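The values are calculated or read from the model by the stated rules, or taken from the named source; none is laboratory data. Just so it is clear, the structure is predicted and the values come from calculations on it, not from any experiment. Ideal geometry is used to build each Cβ from the backbone, glycine not excepted, and the neighbour counts take in all protein chains shown. These area figures cover heavy atoms from the full protein model, side chains too; ligands, DNA and RNA do not enter into them. Shrake-Rupley method; radii C 1.70, N 1.55, O 1.52, S 1.80 Å.
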Amino acid sequence: MPTLSVFTDVPLAHKLEGSLLKMYKQDDCPNKLFLAYRACMTREGCPWVSVVVRKTQLQISQDPSLNYEYLPTMGMKSFIQASLELLFGKHSPAIMENRAGGVHTVGDNGAFQLGARFLRTWRRDANVVYIISSQQEPHGLVFQDMGFTVYECSIWDPKKLCMDPNILFSVVEQIPRGCVLVIGNILDCKLTLSQWAKLMSALKSKQVFPFFDIPCQGLHNGDLEEDTRILRYFVSGGFEFFCSQSLSRSFGIYDEGVSILVVVALNNQHLLCVVSQLTSFAQSLWLNPPTRGARVITSILCNCALLEEWKQSLKEVVENIMLTKEKVKEKLRLLGTPGSWDHITEHSGTHGYLGLTSQQVEYLVKKKHIYIPKNGRINFTCINASNIDYITQGISEAVFFTRGQENRLPKEKKP
């Protein structure tokens, strides 16, 4: 008699790999392109890795004095300290007053897993989480799994083709008292000092707990301090908050998943209590974080020469991105593509919106085999000298086609 499996009633889960990437991989077209990779790409179409990272990895691998003992549950202390100074600045009041600390986490989402568990336990009245960013974030699933009610809001206005600060203030006006507000990439809102003051005043009056996301410091505009200026505002405003600081993309070590859950408290006593509870949760989640990525990053951040070399590599990447965006905009202009394309160069970072409609995106995917998300947000580092003409021509065709001007398009040759 066959034995019944205890897994008989377990169904297949939805595939973790995105359907867009799956479609791309199954496409036999030799000209197919995928413009939605998370990683920063090189001109050759490979994931970017800072040269100083490769040099440091080699040095570490040849160091006979390395101790491969398990790390403490809280993580590598030198890594945490170096990361905090990178985030806030060495002379930040939060660091000088010993009220900023952190826990070394696992994976890009580890900080959110740890933070969500802490908030679920110690802020039981905070049942609602609002996530505000320039795009949909994966963190919502983490908070949903912990029992929070999650609302996600994008500050991108597809009609105005800009990051609209009015959307941000509208969300802050309607969020309930005592909720958690996850703040992602809102740098392109370009808020004035008075607007920042207004925002912080509204959050304080509602006792909203901020949870920041800094996923790729330095890759937004090449300035490490500018990319985290928002945190300095909140530190000076006397806020307590969490911050997920992911360092994998900034160094090009994507498979390492190196991150920290950063805590800023009102004083050192509160900080120690929070970090102790977070460490207790980490013990049940992963016990000991991995060392390799943390060692590489710490070695670079604690060496002045390597640090400057890394900073220069970030600036070079950002300059290439800006140049690519300028070229895309200019080629669309020369092709006579209807509409304004200024928004492409007005926004910083590796990823940005093309400002296309869903019909135009569908045209690019089905007719040109150019795979981009439905919202038209692409990774500009995927565009290089070998594909920029094909991509811009495809965008131009898509815009003309959806305007009912099929007669202007050349007929597609059949193989």
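Filtered by the rule that a residue be closer than 20 Å to Arg249 by Cα, open to solvent by 50 Å² or more (accessible area, probe 1.4 Å) and either outside any helix (DSSP H, G or I) or of a type in the set (Asp, Glu) (or both), segment 75-106 gives Glu85, Val106.
Just to be sure, is Ser313 in contact (Cβ under 8 Å) with a residue 40 or more places away in the chain, in contact with a helix residue (DSSP H, G or I) (Cβ under 7 Å, 6 or more places away or on another chain) and open to solvent by 30 Å² or more (accessible area, probe 1.4 Å)?
Details: in contact (Cβ under 8 Å) with a residue 40 or more places away in the chain: yes; in contact with a helix residue (DSSP H, G or I) (Cβ under 7 Å, 6 or more places away or on another chain): yes; open to solvent by 30 Å² or more (accessible area, probe 1.4 Å): no.
For Ser313, the condition - in contact (Cβ under 8 Å) with a residue 40 or more places away in the chain, in contact with a helix residue (DSSP H, G or I) (Cβ under 7 Å, 6 or more places away or on another chain) and open to solvent by 30 Å² or more (accessible area, probe 1.4 Å) - is not met.
Taken together, the residues in segment 2-53 that are under 29 Å from Ser250 (Cβ atoms), in contact with a strand residue (DSSP E or B) (Cβ under 9 Å, 6 or more places away or on another chain) and not hydroxyl-bearing (Ser, Thr, Tyr) amount to 13.
Kindly establish whether Leu306 is among the hydrophobic types (A, V, I, L, M, F, W, C), in a loop (DSSP other than H, G, I, E, B) and surrounded by fewer than 20 Cβ atoms within 10 Å (Cβ to Cβ). Give the steps one after another, and end with the answer.
Numbers: among the hydrophobic types (A, V, I, L, M, F, W, C): yes; in a loop (DSSP other than H, G, I, E, B): no; surrounded by fewer than 20 Cβ atoms within 10 Å (Cβ to Cβ): yes.
Spelling it out, it is not the case that Leu306 is among the hydrophobic types (A, V, I, L, M, F, W, C), in a loop (DSSP other than H, G, I, E, B) and surrounded by fewer than 20 Cβ atoms within 10 Å (Cβ to Cβ).
Does Asp389 meet the test of being closer than 22 Å to Pro30 by Cβ, out of contact with any Phe, Trp or Tyr (no Cβ under 6 Å at 6 or more places or on another chain), surrounded by fewer than 19 Cβ atoms within 10 Å (Cβ to Cβ) and in the same structural domain as Met23 (by TED's automatic domain parsing)? It is true that Asp389 is closer than 22 Å to Pro30 by Cβ, out of contact with any Phe, Trp or Tyr (no Cβ under 6 Å at 6 or more places or on another chain), surrounded by fewer than 19 Cβ atoms within 10 Å (Cβ to Cβ) and in the same structural domain as Met23 (by TED's automatic domain parsing). Residue count for segment 281-291 under the criterion of being part of a helix (DSSP H, G or I), touching a residue at least 60 places away in the same chain (Cβ under 8 Å) and not aliphatic (A, V, I, L, M): the result is 2.
Taking the stated definitions as given, is Arg295 without any contact (Cβ under 8 Å) to a residue 12 or more places away in the chain, in contact with a Phe, Trp or Tyr (Cβ under 9 Å, 6 or more places away or on another chain) and outside any loop (DSSP other than H, G, I, E, B)?
For Arg295, the condition - without any contact (Cβ under 8 Å) to a residue 12 or more places away in the chain, in contact with a Phe, Trp or Tyr (Cβ under 9 Å, 6 or more places away or on another chain) and outside any loop (DSSP other than H, G, I, E, B) - is not met.
Could you tell me whether segment 108-129 includes any residue that is in a strand (DSSP E or B), in contact with a helix residue (DSSP H, G or I) (Cβ under 6 Å, 6 or more places away or on another chain) and in contact (Cβ under 8 Å) with a residue 40 or more places away in the chain? The answer is yes; a qualifying residue exists.
For segment 358-386: of the residues being polar (S, T, N, Q) and not in a helix (DSSP H, G or I), which is most open to solvent (accessible area, probe 1.4 Å)?
Of segment 358-386, the ones polar (S, T, N, Q) are 358-360, 375, 379, 381, 384, 386.
Remaining after also requiring not in a helix (DSSP H, G or I): 375, 379, 384, 386.
Working: Asn375: 73, Asn379: 0, Asn384: 23, Ser386: 106 Å².
In this case the residue turns out to be Ser386.
Considering only segment 195-204, I want to know if a residue exists there that is within 25 Å of Leu261 (Cβ to Cβ) and not hydrophobic (A, V, I, L, M, F, W, C). So far as segment 195-204 goes, yes, one or more of its residues are within 25 Å of Leu261 (Cβ to Cβ) and not hydrophobic (A, V, I, L, M, F, W, C).
Do we have any residue at all in segment 181-203 that's more than 20 Å from Thr228 (Cα to Cα), in contact (Cβ under 8 Å) with a residue 60 or more places away in the chain and open to solvent by less than 50 Å² (accessible area, probe 1.4 Å)?
Within segment 181-203, the subset more than 20 Å from Thr228 (Cα to Cα) is 202.
Among the residues that remain, those that are also in contact (Cβ under 8 Å) with a residue 60 or more places away in the chain are: none.
No, there is no match, as no residue in segment 181-203 is more than 20 Å from Thr228 (Cα to Cα), in contact (Cβ under 8 Å) with a residue 60 or more places away in the chain and open to solvent by less than 50 Å² (accessible area, probe 1.4 Å).
Look at segment 139-151: where a residue is among the small types (Gly, Ala, Ser) and a partner is open to solvent by 70 Å² or more (accessible area, probe 1.4 Å) and assigned to a strand (DSSP E or B), sitting 6+ places away or on another chain with Cβ atoms under 9 Å, you get Gly140/Tyr151; Gly140/Glu152. Filtered by the rule that a residue be under 18 Å from Trp286 (Cα atoms) and either buried (at least 20 other Cβ atoms within 10 Å of the Cβ) or modelled with pLDDT of 95 or more (or both), segment 107-120 gives Asp108, Gly110, Ala111, Phe112, Gln113, Leu114, Gly115, Ala116, Arg117, Phe118. Of the residues contained in segment 261-278, one or more are found to be open to solvent by 10 Å² or more (accessible area, probe 1.4 Å), more than 19 Å from Phe239 (Cβ to Cβ) and assigned to a helix (DSSP H, G or I).
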